There are 2 protein chains.
Amino acid sequence: MQRIGIVDLGSNTARLVVYAYEPGRWFRLDDEIRELVRLGEGMGTGRRLSPAAVERAAVALKLYADYARTVGLDRLEVLATSALRDAENGGELLDRIRPLGLDLRILSGQDEAALGVSAVANGFILDDAWVVDVGGGSAQLSRMRGREFADGRAYPLGTVRLTEAHLRTDPPRGGEVKALERTVEDHLGEAADAMARDPAPLVAMGGTIRNLARLVVKTSAYPLARLHGYFLRREDLERTVNRLLGLPLARRLRLPGIHPDRADVLLAGALLYRWLLRRTGQEGVWISGYGLREGAFFRHFLPPPHRIEHLRGFSVRNLFERFPQPTFHVEQVRRLARRLFEELAPIHGLGDDEKELLDDAARLHDIGMAVGYYNHHKHGSYLIERTHLLHGFSHREQALLMLLVRYHRKGTPRWGLLRALARPGDKKLLLRLAVCLRLAEYLERSHSGNVDDVHARIGDQDVVLGIETGEDSAIELWETRKQAPLFELAFGRRLVLEPTRRGRAGVSPAAS
Amino acid sequence: MQRIGIVDLGSNTARLVVYAYEPGRWFRLDDEIRELVRLGEGMGTGRRLSPAAVERAAVALKLYADYARTVGLDRLEVLATSALRDAENGGELLDRIRPLGLDLRILSGQDEAALGVSAVANGFILDDAWVVDVGGGSAQLSRMRGREFADGRAYPLGTVRLTEAHLRTDPPRGGEVKALERTVEDHLGEAADAMARDPAPLVAMGGTIRNLARLVVKTSAYPLARLHGYFLRREDLERTVNRLLGLPLARRLRLPGIHPDRADVLLAGALLYRWLLRRTGQEGVWISGYGLREGAFFRHFLPPPHRIEHLRGFSVRNLFERFPQPTFHVEQVRRLARRLFEELAPIHGLGDDEKELLDDAARLHDIGMAVGYYNHHKHGSYLIERTHLLHGFSHREQALLMLLVRYHRKGTPRWGLLRALARPGDKKLLLRLAVCLRLAEYLERSHSGNVDDVHARIGDQDVVLGIETGEDSAIELWETRKQAPLFELAFGRRLVLEPTRRGRAGVSPAAS
């Protein structure tokens, strides 16, 4: 196991994250320390770090260095972005911190943009995207193609900078907003034209967009407790911008979900995003919980090209490793669920995506046992919702995983509070996948691998499920039989179980 | 690690539980299989097991035996209660299952009553209690004194039996209810007199009382998701009985929280409990989630006298073992929280109970890290609420544990949804304990044991906290200082930190 600390020394905050990991195998976030450094303070109008800002940054970096030493991190990497990159007097800070012996890199605008692409490539199932990261000092815009960084750079359009340059009244006047938008247009106009010509999903990262999404989520009864993968629609952003524009800072600070360190500069970022969506005609923007630091982390975690090959499978394994359950039972349930899915293909009409989802749910079905036996199906669902390890799934797919785990033992599967995430036909889809997992679970009731295989003979009225078993499978048959009503609900056919002894496949003692 | 299966072959259900454990050290529930056997069917009016009931019980026991073999349990113990004890033809069942070679014990009424006391002694912090367990065939009533079984026996007053004997109309008529109550009076009248003469808390176990409590909880917005330790008040029971009496079975079955296997016989049990509370003048009854099987389990888990010595401490350790975190940090936080509590004694006015609770919270403060770093304070609170391992705490104390963990890093501690469990003064108490834990957490911010000790000089306006530290404690001081506003809220005094270097206690470089 290794532990690395990565510091993002931004224009607004300095943030240390600590990852524990085994290269290429698993990782987890172990700690995070955040300081409001405002290194870029005053750079909206000039190009010099203020003495106070240098002092604050030096203090924060000393703290991080002390922390790394006392905690015994294997490595500490400091990534400095636009404030230090653009300052004429960045050397003052570098001189101050030289005794700390830090591994500090001043990222170029392109470096920074490329790390954003690394975060998206390892956080989303997307081949192509436009990636935007609005920080305090600069904003990065990049094009990802085939999960690779194709092009990108930084623009002097960070929220602290834009606020200082344009939004001097509280709340800002219309003329100030227009001036800000003109500045954005001057810098990003061409890039926006390129985006409109070359459409791809827009993914945004950084504290500004997360905070904007949180404001929307808090007022919309969104059913999932996570932002990564959330799609912030343009109309919701427009509504939020209008709300922010009408409020003085003191009242913005009291909005539910707003980050107090960010309340003053959030509006500038919101205006930038509004401009971008209007200008490019994008319907909205995908929120990434990963950002610069994660992009940098993956360069340590994985050899070039620093990309997780099968993102969903990796995520599911990474989560499973957190709450390991006896592998034998889990593998049996996976195998049987897959076989049931295959055998029932003529009547479920589902495809490879659903098969993969069923397999992921089967792997995770018992993780709630870590909390306790009683209600472990509910605990498993909680863990799937709350983990930050599950990437590459849409929110609908995460909801399906939660529901399949939630209903793997009992109850009639229903979307309930998650129904806002369902698509037409998902009610039936949930039932059918849930039946496959439920039958697999009960065909493995005694955790002993008794059932070798299943075969379905599908009729108009019923499905005869041939079950190849070993000696002692009474408990499996007994429990599986109880699931007949659910099967009928899902498939409109009676379930008939036909046990056959191992080695005599096709010859059923019960039927002969 | 050992695994034992314990079967409770009751008059209504047969239930297998599987415990994994290391004797005396830890245990967890691994599995549970429940079958509606209704072995006592027909015994309300006669003394013979019906052929169908014998068949159902034999099938269930064969399943459990198969399960135990395929799963590889170290031991399977079958405990038979009133139906088999009281039947003239119990031998028919024993003959049927002889080939299974089961370790089956037919419990005497006194055995059964004593196991109930074993469950209460290991599930509650009580020295003395009246313990009642209403099953399908019989009801047990026992007296626990000094955590020992003092006296007790079984009465032929189980819910199946009482229902068959008296409640033949749906819903029952007034005369039927009266007749049932006369039967109860005939059997329990003397015992009820003894209870009135010798008062002690009444603790009840078994599916009947749990289901009654669940009906009340479901309609009362009770803030905790657990029944063990819930106090079911007489007026709530009276209300529930009245509701049940007015509904035919078909509508009782649809009540939220009712167990379908129990809906028909629940009313008889409810009438028995109503009679008991009215007759003895008890204000209500404590619900035990532990019952016969747990009582039996503790006889394997612990040497005589089969009692966990320090129930709270054991519970907390048992839970901690589930979600182990680096011991060094946890022990440091415990030590510092204790020292802060001691040093602040003149201004917090709290006693040994609160000190112990703080210590338990300190031990559990990071268990939510098992779910993930982000929001681990919230995950820890979830785990404390949902575990079935935490015994010996009142619901108020569990709420305090949840809240101390919930607020160990940030936020202003408040009771919120749990406020129904708070007593007068608990708002301040929560704040003060939370400050001790919060300061301890941040004095151990880098998980390195840097802070050796703390000393408080308490003034009218401020508290000077002397902090004995090692070399690199800048991060601790930096983070701890941020907690000054919370300290002031809790104690009405400013917090001043005064670091002193190790070995120079009392001499503060900052102050000198």
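The values are calculated or read from the model by the stated rules, or taken from the named source; none is laboratory data. Bear in mind the structure is a predicted one, so any value in this text is a computation, not a measurement. Using ideal geometry, Cβ is built from the backbone for each residue, glycine included, and neighbour counts are taken over all protein chains shown. SASA here: full protein model, heavy atoms, side chains in, ligands and nucleic acids out. Shrake-Rupley method; radii C 1.70, N 1.55, O 1.52, S 1.80 Å.
What the table shows:
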{"read-out": "Residue-normalised accessible area of the range B:110-294, expressed per residue, 1.4 Å probe, Å²", "value": "37"}
{"read-out": "For residue B:324, label point 7 Å along C-beta direction: distances to other copies, nm", "value": "1.2"}
{"read-out": "Rotationally averaged projected area of the range A:110-294 (alpha carbon convex hull; nm²)", "value": "9.5"}
{"read-out": "Candidate residues B:236, A:193: accessible-area rank, largest first, probe 1.4 Å", "value": "A:193, B:236"}
{"read-out": "Residue order for A:481, A:85, A:38 - accessible surface, 1.4 angstrom probe, largest first", "value": "A:481, A:85, A:38"}
{"read-out": "Calculated FRET efficiency for the pair residue A:218/residue B:128, C-beta based, R₀ 56 Å, to 0.05", "value": "0.65"}
{"read-out": "Rounded if a/c under 1.5, otherwise prolate or oblate - the range A:295-338, Cα gyration tensor axes", "value": "prolate"}
{"read-out": "Accessible solvent surface per residue of the range B:312-501, calculated while the other protein chains remain in place, 1.4 angstrom probe, Å²", "value": "37"}
{"read-out": "Dipole of the protein assembly as shown, positive end: most advanced residue of B:337, A:26, B:434 [Cβ charges, Cα centre]", "value": "B:434"}
{"read-out": "Accessible area (Å², 1.4 Å probe, nearest 10) - residue A:222", "value": "60"}
{"read-out": "Estimated dipole of the range A:28-143 in Debye, rounded to 20 [Cβ of Lys and Arg +1, of Asp and Glu -1, Cα centre]", "value": "300"}
{"read-out": "Simple label model, 7 Å out from Cα along Cβ direction - residue B:283 to residue A:169, nm", "value": "6.4"}
{"read-out": "Rounded Å value of the spacing that divides the Cα centres of the range A:367-396 and the range A:243-320", "value": "23"}
{"read-out": "For the pair A and B, total buried accessible area rounded to nearest 100 Å², probe 1.4 Å", "value": "3800"}
{"read-out": "For residue A:128, inter-copy label distances in nm, listed shortest first [label point 7 Å out on the Cα-Cβ vector]", "value": "8.2"}
{"read-out": "Percent antiparallel among DSSP beta bridges (both partners in the protein assembly as shown, rounded to 5)", "value": "65"}
{"read-out": "Distance from the range A:323-354 to the range A:408-463 (C-alpha centre basis), Å", "value": "9"}
{"read-out": "Share of Cα-Cα pairs in the range B:312-501 lying beyond 19 Å, as whole percent", "value": "55"}
{"read-out": "Local net charge near residue A:192, Cβ-Cβ under 9 Å (Lys/Arg +1, Asp/Glu -1)", "value": "-2"}
{"read-out": "Cα gyration tensor shape of the range B:31-93, rounded if a/c is under 1.5, else prolate or oblate by comparing a/b with b/c", "value": "prolate"}
{"read-out": "DSSP-defined beta bridges in the range A:2-106 - what % are antiparallel, rounded to 5", "value": "65"}
{"read-out": "Binned Cα-Cα distance frequencies in chain A - 10 Å width, integer %", "value": "4, 17, 24, 22, 15, 10, 6, 2, 0, 0"}
{"read-out": "Shortest-first nm distances, residue A:261 label point to equivalent points in other copies (7 Å, Cα→Cβ)", "value": "5.4"}
{"read-out": "Listed residues B:45, A:146, B:404: farthest to the positive end of the dipole of the protein assembly as shown (Cβ charges)", "value": "B:45"}
{"read-out": "Compactness relative to 2.2 N^0.38 Å, alpha carbon Rg of the protein assembly as shown", "value": "1.06"}
{"read-out": "Simple label model, 7 Å out from Cα along Cβ direction - residue B:414 to residue A:150, nm", "value": "4.9"}
{"read-out": "DSSP-loop GluC sites (Glu not before Pro) across the range A:411-507, with at most 16 other Cβ within 10 angstrom", "value": "A:471"}
{"read-out": "Shielding score for A:61-73, defined as the mean number of other chain Cβ atoms within 10 Å", "value": "5"}
{"read-out": "Accessible area of residue B:258 in the full protein assembly, 1.4 Å probe (Å², nearest 10)", "value": "20"}
{"read-out": "Calculated P(r) tail over 17 Å for the range B:2-106, as whole % of Cα pairs", "value": "50"}
{"read-out": "The protein assembly as shown - charge dipole about Cα centre, Lys and Arg +1 at Cβ, Asp and Glu -1, debye rounded to 20", "value": "2160"}
{"read-out": "Cα gyration tensor shape of the range B:365-446, rounded if a/c is under 1.5, else prolate or oblate by comparing a/b with b/c", "value": "oblate"}
{"read-out": "Largest-first ordering by accessible area, 1.4 Å probe, given options B:374, B:442", "value": "B:374, B:442"}
{"read-out": "Label-point separation, residue A:462 to residue A:187 (7 Å along Cα→Cβ), nm", "value": "7.2"}
{"read-out": "In the range B:170-268, the trypsin sites (Lys or Arg not before Pro) that fall in loop regions by DSSP, at most 15 other Cβ within 10 Å", "value": "B:173, B:254"}
{"read-out": "Modelled FRET efficiency - R0 30 Å, residue A:110 with residue A:47, Cβ distances, 0.05 increments", "value": "0.90"}
{"read-out": "Cβ-placed point charges (K, R +1; D, E -1), dipole of the range B:142-208 about Cα centre in debye, nearest 20", "value": "120"}
{"read-out": "Restricting the range B:39-110 to GluC sites (Glu not before Pro) in coil, as DSSP defines it, with at most 13 other Cβ within 10 Å", "value": "B:88"}
